[in-house]
Amino acid sequence: MHKEALTDRGIVALTIAAIGAMIIIGIAQPAVAQRTTSEEIIRGIIEQVSPLQHPVGDTLQPIRGSRLTGWLPEDDDEAREVLLALNERGVSLFANWRVGNDDARAFALRLGRLQQELGLAVSVHATSAMTGFFNGDESTFHVAEDGSTYSWQLHGARKMGCAFRLDERAEAIRGQWQDLVNAYSEAGLTLDWVSMDWYSDGPVEWNESWEASKRCVVCRENVAGIEHFGTFQQALRTLRGELQRECAVKVVQAQFPDVLIGNWAVAPHDGWRYWFDFYETIPEGVPIRTEQLAEYRPWADEFSHTGYTYANPTCYPWDDMYAWYPEFDTDFRWFYMLMKAGTNAARNMPTDLPMITWVKWRPTPVRGEKEPAPAMSLEVYREFLAHQLLRGGDGFMMWSRAEEAVDEVAAIAPVLDEALRWRDFLEEGEPVLFELANRPTTVVSALRLGDRLLVRRTDFEDRPFPVTRVIDGMRVKIPHRPGEFFVMDICAGGGVRTTE
Ligand SMILES: [Zn+2]
């Protein structure tokens, strides 16, 4: 009936790419290139990514990703070797749970058993368990004045309906989660990690949603002031958060109280959204803020209603967002929009809650009808990753196309390795700088531990001299040391002494 969201993204990109390829090369040619297999990706990572000098241990989360799943050697000893080799490179597999699919279930439980035997986190990606609120049943549709029912489309074929007619579906979804939890529990496994990419199902306020809801008698009964977008949005985001808490989080925590569980793009924020997913449009009449050609949308709190135990912000270079900042060069365009999205979560994070960020280096041509936008340099992408860690990040997840997966992991791993030299800062340090000037100049991030700072400074113009930042009321001079983490003492009187 439905396609689970993780796969959806891939199918959209691939299908569009395939259509584009057929148009360009003609139908006599093979329409779809040979896909990179999961085995090729996993073996490719082991061959091409060096083991970390400083293991992630319990300090950071290993890299997990949409393509880091789906294959293990059949022999258990060989499978353990693969899992350990990945772990040495700062990478973890997760199982991709699929409701009703026995093969996926068997793979998940086998991966979980091997992970548990090796002392690795038992990890599952469970979008499928959360999916199906809007299952096409008329009982989930909006209701017009005359009693007729109707749905709307967000993207794909799913018939989106009425946020306030989902009680029965919530029971069914809760059952899907209970089935997942029971499977792990009955196999004697502890579930340590649950991620999701659940985004285009359940209450969503974008595209046609607001218009559809304003015409619905059930929505009007449930949202006083529905004509105000902010009121409507907060009502839907609150409900969306509660559905995640009641159907997923509570069910998993009842059996596995220490689980790390979160969902794509659900994170604290400042009330504004500085990025678009590829299928989203702004409803007419929504108040927006603009910067150059970017349009920022209001965003209501969802995270605090979910009970999620990690925040999962999204920092992606969607290719059509490349046009947003024409005043900047390619590197700073991407850096700026990724930092803007990442910092929005970072500076609004509650203390002591992990923040694991969805990232990607190269833009994905999801719309396919044009050449992909140019990518940022690897060097500048790594600067972004470094800043995100020093703004409180605890690790990275990545969605990518199959053929990009090895390169995307190889882009991230060295940054983890370098940062992990300062394990004490990553574990105990407090992020103290969240600045981001709206022009290409100097960007500084730092974790403070007592009277010391772990610093990353990136310069987008030639400024080979110390810059001053105010940290907890003290003026601190940050030396020019591009392209590396460094530790410095905070000295009385604003002086500075850097140390190794
Ligand atoms: Zn409705």
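Values quoted throughout were computed directly from the atomic coordinates according to the rules given, and no laboratory measurement underlies them. Predicted model only: the values in this text are computed from it and were never measured. For neighbour counting, all protein chains shown are included, and Cβ atoms are generated from backbone atoms with ideal geometry for every residue, glycine included.
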Amide H proximity to T36 below 5 Å, modelled H, separation 5+ or other chain, gives E403
Mean Cβ-within-10 Å packing, highest first, puts peptides 166-177, 62-73 in the order 62-73, 166-177
For the range 240-257, Karplus-derived ³J(HN,Hα) couplings (6.51, -1.76, 1.60; θ = phi - 60°; whole Hz; x for glycine and proline) come out as 4, x, 5, 5, 5, 5, 6, 8, 10, 4, 5, 5, 5, 5, 4, 9, 10, x
Rounded to two decimals, the Debye log10 I(q)/I(0) of the chain (Cα scatterers, no solvent) at q = 0.11, 0.13 Å⁻¹ is -0.98, -1.35
Normalised per residue, the volume inside the convex hull of the alpha-carbon atoms of the range 429-500 in Å³ amounts to 83
Taking Cα pairs closer than 8 Å and at least 6 residues apart, the relative contact order of the range 429-500 in percent is 25
Taking only the alpha-carbon positions of the range 331-478 as identical scatterers, the Debye log10 I(q)/I(0) at q = 0.12, 0.13 Å⁻¹ comes out as -0.52, -0.60
Between E78 and E428, Cβ-based FRET efficiency (R0 41 Å, step 0.05) works out to 0.60
Here FRET efficiency (C-beta to C-beta, R289 to T37, R₀ 45 Å, nearest 0.05) is 0.55
Under 29 Å between C-alpha atoms, the lysine pairs in the chain lying 8 or more places apart or on different chains count 12
P(r) of the range 253-360 over all Cα-Cα pairs, 5 Å bins starting at 0, rounded to whole percent, reads 2, 11, 21, 22, 18, 12, 7, 3, 2, 1, 0
Expected sort for 283-293, 192-202 on mean C-beta neighbours within 10 Å, highest first, is 192-202, 283-293
Full extension between R220 and L378 adds, at 0.36 nm per residue less the Cα distance, a length in nm of 51.9 nm
Length gained if Q153 through A170 is fully extended, taking 0.36 nm per residue and subtracting the Cα-Cα distance, is 4.1 nm
The extension gain from E403 to E47, computed as 0.36 nm times the residue separation minus the Cα-Cα distance, is 126.6 nm
For the range 265-424, averaging the sequence separation of alpha carbon pairs under 8 Å that lie six or more residues apart and dividing by its residue count, the contact order in percent is 24
Between R273 and residues 5 or more places away or on another chain, the pairs with built amide H atoms under 5 Å apart involve R297, W299
Per the beta carbon screen (other Cys under 4.7 Å), unpartnered cysteines of the chain come out as C162, C247, C315, C491
